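First up is the structure itself, then whatever we jot down about it.
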Amino acid sequence: MVVSVSEMMDDAPEVSVSGFNLSVSSIKVTEAIKKENSLVFVVGAQEFPSKKQHFVDRKFEDFEWLQQCLLMPDGIPGLQGIIFPPLPAKPCAFQSNTQEKMIKQLGLLGLDDDWKTYCMALEMYLQLVVSHTTLGKNQVLRSFFTQTQGPGGQAGRKGILNRLSQALEEIKKENHQDVDEFFRNERASNSSLVRLTKATTERLIAVVRTQQNIALACGHFSTTLHLGVGPDEDPAAKTFSKLSLKLSEIIIIVKKNFECVAENNLNILGLGLDLVSRYEESEKEMLFRRTCKLVELEQNSKNLEKAKPAKKANMEEIKKASEKEFRHISDIARLEIQKLHRVRVEVFQQCLTSWCEKQLHAARETSSILSQHLRAFKQLDSTE
């Protein structure tokens, strides 16, 4: 993991949901198993203080179901002001999917053939949900972590379609002028960051793919060097065979170095960048929800001005309730934005530190091994 969720979010390493006491740090998504045309993720968690372990199989639809349950108002005031932990895009495990298609679907998470990085992203998503001071109290978490039968299904997909339909109806509100300077500036900043982060992600994808391709080419080159090795008794041919074999070993070291560097780029820097990118989109959605509430409040104010005397009192109550709700949403949104700014800095800081340490370690290790091979190569040459 790039960074401890309990440190960067709410400093809550343990949470309790109606007697279901869960250790945030124990939440793991250990592997992704291909079953027919879908993936099944093994999710583990531990209760405290009993240390009882729970392991369940979850499809992506189960994660969607959880996200839908978190998004439903359910009587929680100010819920629309929360920046929800972002769920990664849905993966497709079809054999016909090329890497280009996977990258288009999942971005940086689509570069990993064994789904390790994607599992890490899902793991962080669950930890962020559980450690959130409001979302971590949702009763559905017990079902998600303990229920053997996956809770997701048709109901979850229908809910998602309903939300998409509602979003299309309200899309005209997206560019509505905000009355608060803080949120006007935040919307402009968010729009800029979304664009810049997308460009950075595209550059990193290009770098990682190039490193993966170089590693693949090194493997082919190493294999090719073996093709010229034979049982020829000619001294020159024997010398050539020895040099070819030694060079093949060196190329394999170079191959492993490129693989290690690409893996560090993906699992450390890439995972952090992907999380921040998805959080920026989540913030954008929250700002849009708040804007919709602002439009609703302004419409209620207009209705009050136009109301006839008989309906004046009722419209006044509606306007006051709408105003109170909007203020509450704005207060929560302001705190969530401030927390997100802090988290963004911490994530990048810890990602860059960990990434530099890993890449430096890989470089030193490769340099040491290559130096040994160089000495052996020189000795081999001097004995001929």
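Some points to look at:
- Residue in segment 145-162 that is modelled with pLDDT of 90 or more, buried (at least 17 other Cβ atoms within 10 Å of the Cβ) and in a helix (DSSP H, G or I) present: yes
- Annotation note: Cβ proximity below 6 Å between a residue of segment 171-193 that is in contact (Cβ under 8 Å) with a residue 60 or more places away in the chain and a residue that is surrounded by 11 or more Cβ atoms within 10 Å (Cβ to Cβ) and basic (Lys, Arg) (sequence gap 6+ or interchain) occurs for Asp178/Arg184; Asn190/Lys284.
- Test: residue in segment 185-192 that is modelled with pLDDT of 90 or more, surrounded by fewer than 15 Cβ atoms within 10 Å (Cβ to Cβ) and more than 25 Å from Arg327 (Cβ to Cβ): yes
- Test result for Asn300, crowded, with 17+ Cβ neighbours inside 10 Å and in contact with a Lys or Arg (Cβ under 7 Å, 6 or more places away or on another chain): yes
- Whenever a residue of segment 353-365 is closer than 14 Å to Glu259 by Cα and among the hydrophobic types (A, V, I, L, M, F, W, C), its partners that are assigned to a helix (DSSP H, G or I) and open to solvent by less than 70 Å² (accessible area, probe 1.4 Å), lying with C-beta atoms within less than 7 angstrom and at least six residues away or across chains, give the pairs Ala362/Asn257; Ala362/Cys260; Ala362/Val261; Ala362/Asn264.
- For segment 309-327, the candidate set comprises residues that are without any contact (Cβ under 8 Å) to a residue 12 or more places away in the chain and charged (D, E, K, R); within that set, the residue that is least open to solvent (accessible area, probe 1.4 Å) is Lys312.
- Test: residue in segment 35-42 that is in a loop (DSSP other than H, G, I, E, B) and more than 30 Å from Lys324 (Cβ to Cβ): yes
- Candidates in segment 328-376 are the residues that are modelled with pLDDT of 90 or more and among the basic types (Lys, Arg); of these, the one that is surrounded by the most Cβ atoms within 10 Å (Cβ to Cβ) is Lys358.
- For segment 240-248, the condition holds for at least one residue, the condition being that it is open to solvent by 70 Å² or more (accessible area, probe 1.4 Å), at pLDDT below 90 and out of contact with any strand residue (DSSP E or B) (no Cβ under 6 Å at 6 or more places or on another chain).
- The numbered conditions (1) more than 20 Å from the chain's Cα centre (by Cα); (2) open to solvent by 40 Å² or more (accessible area, probe 1.4 Å) are all true for Ile33 except (1).
- Test: residue in segment 357-376 that is within 30 Å of Arg290 (Cβ to Cβ) and among the β-branched types (Val, Ile, Thr): no
- Among the residues listed as Asn265, Asn213, the single one being within 23 Å of Trp115 (Cα to Cα), open to solvent by less than 80 Å² (accessible area, probe 1.4 Å), of a type outside the set (A, V, I, L, M) and in a helix (DSSP H, G or I): Asn265
- The lone exception for Glu281 - which of (1) more than 30 Å from Thr117 (Cβ to Cβ); (2) open to solvent by 40 Å² or more (accessible area, probe 1.4 Å); (3) under 34 Å from the mean Cα position of the chain (by Cα) it fails: (1)
- Of all residues in segment 48-88, those satisfying the criterion of being in a strand (DSSP E or B), touching a residue at least 40 places away in the same chain (Cβ under 8 Å) and not basic (Lys, Arg) are His54, Val56, Asp57.
- Taking the criterion of being touching a Cys at 6+ places or on another chain (Cβ under 8 Å) and β-branched (Val, Ile, Thr), the residues of segment 16-56 that qualify are Val29, Thr30.
- Residue match in segment 310-319 (condition: in a helix (DSSP H, G or I) and within 29 Å of Gln338 (Cα to Cα)): yes
The values are calculated or read from the model by the stated rules, or taken from the named source; none is laboratory data. Quick caveat: nothing in here was measured; it's all calculated off a predicted structure. Positions of Cβ are generated from backbone atoms using ideal geometry, with glycine treated the same way; all protein chains shown enter the neighbour counts. The accessibility values were calculated without ligands, DNA or RNA, using every heavy atom of the protein model including side chains. Shrake-Rupley method; radii C 1.70, N 1.55, O 1.52, S 1.80 Å.
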